[in-house]
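The values are calculated or read from the model by the stated rules, or taken from the named source; none is laboratory data. None of these values were measured; they are calculated from a predicted model. Positions of Cβ are generated from backbone atoms using ideal geometry, with glycine treated the same way; all protein chains shown enter the neighbour counts. The protein model used for the area step is the full one, side chains on, heavy atoms only, and it has no ligands, DNA or RNA in it. Shrake-Rupley method; radii C 1.70, N 1.55, O 1.52, S 1.80 Å.
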Amino acid sequence: MTDALVVSEPVAAALREGRPVVALESTIFSNLGLPAPANAEALARCTAVIERGGAVPAVTAVIDGRPTVGLDARAEELMLTGSRKVAERDVAVAVAQGWQAGMTTVSASVALAHAAGIEVFATGGIGGVHRGAELTGDVSADLDALASHPVVTVCAGAKAFLDLPRTLEHLEATGVPVLGWRHDWFPAFYSRSSGLRVPHRVEDAAVAAAVLRNRVREDTGVLVTVPIPEADEIPAAEIEAALQTALDASAAAGVTGPAITPYVLARIEQETTGNSIPANLALAENNAAVATEIAVALART
């Protein structure tokens, strides 16, 4: 993959000069993440907050059959209308088949960030262990990527429709440090707390950076969980009701695997009368801001 990797000049220059860079996935900014025009707003808000914090944003995608870190204007347009998802396992296929536009998930984005030499990645929420995984075996590739690449991933916890206790157990089993950003509880994406405690709380970016620098397993990343801003939180009871309706609908429709996330998110938007979109925008921007602080701290070490 290294030979095929394209790194934009602004990102490459920042890496050469030791300046902070924050990687971003493309799925959230595509039709698979947020509907237009919210996806374009999310992109603008995330990149702006990263730049204001003194870092360079680096959106990842597969463009014209090349894994790409840092998108130009044409690539951004392809991304905003994109609908073809690329997990880490799919990157080689997308390259071999010359896909025009592949939208990177968390797993692919973490892998591409590491390949480019970027140490911090911001997203909305990670994938995890799905409800009923004891029967289906459905566990997101995101978890393996977090355990396999030395990158700090900043998120609002895991997607709320997942089995969050088992997701935390899986992260523990694979040796991924899970940190709560100025918070004691594992976030549930739209809600600030899932009721599950995080193993460790951190108060500042320098400590989060030091955790990455002092990890025991050389290839393992760090997960920093950031609660959604209080003003933008959707009450847990409201979101749980919407989640259950969405999950029931996905089961009835026979939706499985990678198709579950976009399906459930679309149903949640419908069930919450669109309230989930402002929440998504707020948490994505907030995560990007925290990731920038950590990237700046890492650049100083």
If the chain between residue 48 and residue 172 were fully stretched, how many nm would it gain, using 0.36 nm times the residue separation less the Cα-Cα distance?
-> 41.3 nm
The alpha-carbon center of region 16-32 and that of region 182-239 are separated, in whole Å, by 19
What are the GluC sites (Glu not before Pro) within region 1-70 that DSSP puts in a loop, where the Cβ has at most 11 other Cβ atoms within 10 Å?
-> 17
Mind grabbing the accessible area of residue 260 for me, 1.4 Å probe, Å², rounded to tens?
-> 20
Region 196-282: GluC sites (Glu not before Pro) in DSSP loop, at most 14 other beta carbons within 10 Å = 203, 218
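Given axes a ≥ b ≥ c from the Cα gyration tensor, I'd like to know whether the chain is rounded (a/c under 1.5), prolate (a/b larger than b/c) or oblate.
Numbers: a/c = 1.41, a/b = 1.16, b/c = 1.21.
Verdict is rounded for the chain.
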